[in-house]
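Asker: What follows is a single structure, and I will ask about it in a moment.
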Amino acid sequence: TPKPSSAASDVYKRQVYGELSIVPYMPEGDESSDADGFDWAGVKFDIAVKYDELERDGRPAYPVFLRIRVPNNGEGKKAPYAITAAIMGGFVYSGDKSKEDALDLVVVNGLSILYSSLREMILTTTSRMINGALYLPGANFMDHAPSLRNVVKKASPKKAPLKQALKAKKSAAE
């Protein structure tokens with residue numbers, strides 16, 4: 001039987017779509033717009049993330065927002081659809097981790113849950129559209145952990161690579 005992960009203390013409260021726009025790409029000439037087996041390499045794919053830390057009923061509550069965009073506006077390879085999708089989820093943490101660890105856990109897992117919901121919605125919607133069903137690529141949101149972002153800001157005014165941030169976090173813990 002499956003065992004709950006350490007993230008089981010994240011209580012998912014609500015999910016709300018803020019925007020969903022999917023427009024088929026209709027190429028001229030011999031260019032294909034078929035979504036079947038589409039390779040995402042070279043496609044402009046924007047992700048925007050926001051989160052907050054609130055208190056609800058004496059417990060930490062975390063609204064997490066995710067917006068994805070595949071603009072198909074001339075930059076990079078064209079996807080079968082131009083996509084804009086936004087979703088917000090509300091999470092309450094009831095575990096015993098530190099405030100920083102709880103925020104990391106909720107943001108990373110919350111984004112994963114929300115992205116999964118967007119993938120399913122886009123797949124379902126495009127399955128009834130002219131270019132066929134489109135699977136969004138898999139995504140890993142570990143680099144969105146707030147504690148890593150704080151380390152990156154402290155490590156360098158420029159964007160530091162993830163390895164550098166992890167190394168800085170490990171040094172700070174020692």
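The values are calculated or read from the model by the stated rules, or taken from the named source; none is laboratory data. Being a predicted model, the structure only gives us computed values, none of them experimental. Reconstructed Cβ throughout: ideal geometry from the backbone, glycine too, with neighbour counts over all protein chains shown. Heavy atoms of the whole protein, side chains included, go into the accessibility calculation; ligands, DNA and RNA do not. Shrake-Rupley method; radii C 1.70, N 1.55, O 1.52, S 1.80 Å.
Asker: Of the numbered conditions (1) open to solvent by less than 50 Å² (accessible area, probe 1.4 Å); (2) under 18 Å from SER33 (Cβ atoms); (3) of a type in the set (Gly, Ala, Ser); (4) part of a loop (DSSP other than H, G, I, E, B), GLY95 fails exactly one; give the number of that condition.
Answerer: Tallying (1) open to solvent by less than 50 Å² (accessible area, probe 1.4 Å); (2) under 18 Å from SER33 (Cβ atoms); (3) of a type in the set (Gly, Ala, Ser); (4) part of a loop (DSSP other than H, G, I, E, B), GLY95 fails exactly one: (2).
Asker: Checking GLU120 against (1) open to solvent by 70 Å² or more (accessible area, probe 1.4 Å); (2) part of a loop (DSSP other than H, G, I, E, B), which test does it fail?
Answerer: Going through (1) open to solvent by 70 Å² or more (accessible area, probe 1.4 Å); (2) part of a loop (DSSP other than H, G, I, E, B) one by one, GLU120 breaks only (2).
Asker: From the list LEU105, LEU114, exactly one residue is out of contact with any helix residue (DSSP H, G or I) (no Cβ under 8 Å at 6 or more places or on another chain), hydrophobic (A, V, I, L, M, F, W, C) and assigned to a helix (DSSP H, G or I). Which is it?
Answerer: LEU114
Asker: Now for a different question. If PRO80 satisfies all but one of (1) over 19 Å from ALA145 (Cβ atoms); (2) in contact with a helix residue (DSSP H, G or I) (Cβ under 7 Å, 6 or more places away or on another chain); (3) open to solvent by less than 10 Å² (accessible area, probe 1.4 Å), what's the number of the condition it fails?
Answerer: (2)
Asker: Turning to a different aspect of this structure: Is it fair to say PRO80 is at pLDDT 95 or above, of a type outside the set (Asp, Glu) and touching a Gly at 6+ places or on another chain (Cβ under 8 Å)?
Answerer: yes
Asker: Next up: Looking only at residues in the stretch 48-75 that are surrounded by 15 or more Cβ atoms within 10 Å (Cβ to Cβ) and more than 30 Å from LYS99 (Cα to Cα), which one is farthest from the chain's Cα centre (by Cα)?
Answerer: ASN72
Here's the yes/no breakdown for (1) among the charged types (D, E, K, R); (2) more than 24 Å from ALA82 (Cα to Cα); (3) free of Cβ contacts under 8 Å to residues at least 24 places away in the same chain:
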position	(1), (2), (3)
SER32	no, no, yes
GLY37	no, no, yes
GLY42	no, no, no
ALA61	no, yes, no
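Asker: Going by the structure shown, is GLY138 open to solvent by 20 Å² or more (accessible area, probe 1.4 Å), free of Cβ contacts under 8 Å to residues at least 12 places away in the same chain and in a loop (DSSP other than H, G, I, E, B)?
Answerer: Yes, satisfied.
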